[in-house]
Amino acid sequence: MVKEVTTNSEGLATGISYINKVDRKEYALKAKTVVLAASACSSARILLNSKSSQHPNGLGNGSDMIGRYLHDSTGSSRTFFIPDLMNRKTYNEDGVGGMHIYSPWWLDNKKLDFPRGYHIEVWGGLNMPSYGFGFGASDLNKYIGGTVGGYGDKLREDVKKFYGSVMGVSGRGECIARKDNYCEIDPTTVDEWGIPVLRFNYTWSDHERKQARHMHNTFEEIMYNVGGVALGEKPGAEKDYGLLNPGRIIHEVGTTRMGNDPRTSVVNQYQQMHEVKNVFVVDGGPFVSQADKNPTWTILALSWRTSEHIINQVKQQNI
């Protein structure tokens, strides 16, 4: 487990120190260049824990920007029962539904009360059944005037009848990055290796709440047009319109944001720290914003460019 990035008297990185999980002792590795790719939050944690006389606020954190502008994708879902999908012929439908069979954003924000947008993921179908009867097959009888309950032959008939008739829709949207959403080092808590952990300060704004409200209105429009019946209550303002807690979608980005101005950003366009030229951050931390989809491909593309830049800088003896 990496504990911190070590530095010399000039404030440049000399390597890292880490805790060996086997013998629980601390060791050091020397390096001319350090590349962090631990994830947006974990890389921020390493940098914030890397304090020295040259970097009293954490490595390269003279701007106090490390950990700030943390943001994650928004997420909310709804489930429907579709009577027209009862008593279907059973066949292998793997791949028809899933989290990346989706409808991209389709509207003009000028006509809406929130910025950016979201996509819709459709799921359900004849997937491999789970152990047990967790989807409550017999309970669906109440929507078609049937008898709820039973066991034996009736239960088996209900399972076959309703198998594949439940459909889900999920929204995944873009969150607006805000300076007051941030992670920081917890001054009183360490992990099992003795390394200080993060604590989080994160709230949704009305931008995200209005987006989630729009999601659920859209979900119900889809349900109505396919002749479905909603399962469960539509979440209202008291439940943030069904928004999942920050971090649940695990698309965290923004904690070491990219920019030209060292006063308002942590890394430059090559993901090189403004204040420590031989340290690079190549995970989701440098994202200034992200769209409604997963950040992984962009992380890979930026990492590739950073790798080429490091090679060029080494050849020119700049790092």
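The values are calculated or read from the model by the stated rules, or taken from the named source; none is laboratory data. Remember, predicted model here, so these are calculated numbers, not experimental data. Every residue, glycine as well, gets a Cβ built from its backbone with ideal geometry; the counts of neighbours run over all protein chains shown. Note: areas computed on protein heavy atoms with side chains; ligands, DNA, RNA excluded. Shrake-Rupley method; radii C 1.70, N 1.55, O 1.52, S 1.80 Å.
Please give the calculated 222 nm ellipticity per residue for the chain, where each DSSP H segment of at least 4 residues contributes -39500 (n - 2.57) and the sum is spread over every residue; nearest 500 deg cm²/dmol?
-6000 deg cm²/dmol
Please give the solvent-accessible surface of TYR143 in Å², to the nearest 10, using a probe radius of 1.4 Å with every protein chain present.
Looks like 80 Å² after rounding.
Compute the helix-to-body angle for 206-225: its Cα long axis versus the longest principal axis of the chain, expressed 0 to 90° and rounded to tens.
Relative to the chain, helix 206-225 is tipped by roughly 30 degrees.
Note down the accessible area of HIS274, probe 1.4 Å, to the nearest 10 Å².
60 Å²
Can you grab the distance from the C-alpha centre of the stretch 177-203 to the C-alpha centre of the stretch 261-319, Å, no decimals?
23 Å
Could you put GLU192, GLU93 in order of accessible surface area, largest first, with the 1.4 Å probe and the full protein assembly present?
Details: GLU192 125, GLU93 20 Å².
Highest to lowest solvent-accessible surface, that is GLU192, GLU93.
Quick check: with the 1.4 Å probe, what order do ARG116, ARG68, ARG263 take by accessible area, largest first?
From most accessible down to least: ARG263, ARG116, ARG68.
What distance in nm lies between label points placed 7 Å from Cα along the C-beta direction at MET86 and LEU300?
Distance between label points: 4.5 nm.
Extension gain LYS179-TYR143, at 0.36 nm per residue separation less the Cα-Cα distance, in nm? List each step's numbers first, then the result.
Values: separation 36, 0.36 × 36 = 12.96 nm, distance 4.75 nm.
The span from LYS179 to TYR143 would gain 8.2 nm if fully extended.
Specify the angular offset, from 0 to 90 degrees and rounded to the nearest 10, of the alpha carbon long axis of helix 40-49 from the longest principal axis of the alpha carbons in the chain.
30 degrees
Just check the stretch 22-79 against the gyration tensor rule for me: Cα atoms, a ≥ b ≥ c as the square roots of the eigenvalues, rounded for a/c under 1.5, and otherwise prolate or oblate depending on whether a/b exceeds b/c.
Cα axes put the stretch 22-79 in the oblate bin.
Rounding to the nearest 20 debye, state how big the charge dipole of the chain is about its Cα centre with +1 on each Lys and Arg Cβ and -1 on each Asp and Glu Cβ.
380 debye
How far is helix 153-162 tilted, in degrees, relative to the longest principal axis of the Cα atoms in the chain, given as a value from 0 to 90 rounded to the nearest 10?
That works out to roughly 60 degrees.
Over the heavy atoms of LEU36, what accessible area does a 1.4 Å probe trace out, to the nearest 10 Å²?
For LEU36, solvent-accessible area is about 10 Å².
Rounded to the nearest whole Å³, what is the per residue volume of the convex hull around the Cα atoms of the stretch 1-100?
Convex hull volume per residue, Cα atoms: 201 Å³.
Under 16 Å from the 7 Å Cα→Cβ point of TRP106, by amide nitrogen: which residues of the stretch 204-225?
Within reach of a label on TRP106, which here means backbone N under 16 Å from a point 7 Å along Cα→Cβ, the stretch 204-225 contributes 214-225.
Set the Förster distance to 41 Å, then compute FRET efficiency between GLN269 and GLU221 from the Cβ-Cβ distance, nearest 0.05.
Efficiency, rounded to the nearest 0.05: 0.45.
Largest first, how would HIS119, HIS207 line up by accessible area (1.4 Å probe)?
The most accessible residue leads, giving HIS207, HIS119.
Please give the net charge around ASN127, taking every other residue with its beta carbon less than 9 angstrom from that of ASN127, where Lys and Arg add +1 and Asp and Glu add -1. List each step's numbers first, then the result.
Working: positive: none; negative: GLU93, ASP94.
My count for the surroundings of ASN127 gives -2.
Quick one: if the Förster radius is 35 Å, what FRET efficiency do GLN316 and LYS51 give, using the C-beta to C-beta distance and rounding to 0.05?
Here the calculated transfer efficiency is 0.70.
If you wrap a convex hull around the C-alpha atoms of the stretch 170-286 and split its volume per residue, what is the figure in Å³? Don't jump to the answer; show the numbers that get you there.
Working: hull volume 20.7 nm³, N = 117.
In the stretch 170-286, the Cα convex hull volume per residue is 177 Å³.
Please work out whether the chain counts as rounded, prolate or oblate from its C-alpha gyration tensor, where a ≥ b ≥ c are the square roots of the eigenvalues and a/c under 1.5 means rounded, while otherwise a/b larger than b/c means prolate and anything else oblate?
It is prolate, given that a/c is not under 1.5 and a/b is the larger ratio.
Below 25 Å Cα-Cα, how many Lys pairs turn up in the stretch 1-146? Only count pairs eight or more apart in sequence, or on different chains, if you could.
Going through the stretch 1-146 pair by pair, I get 12.
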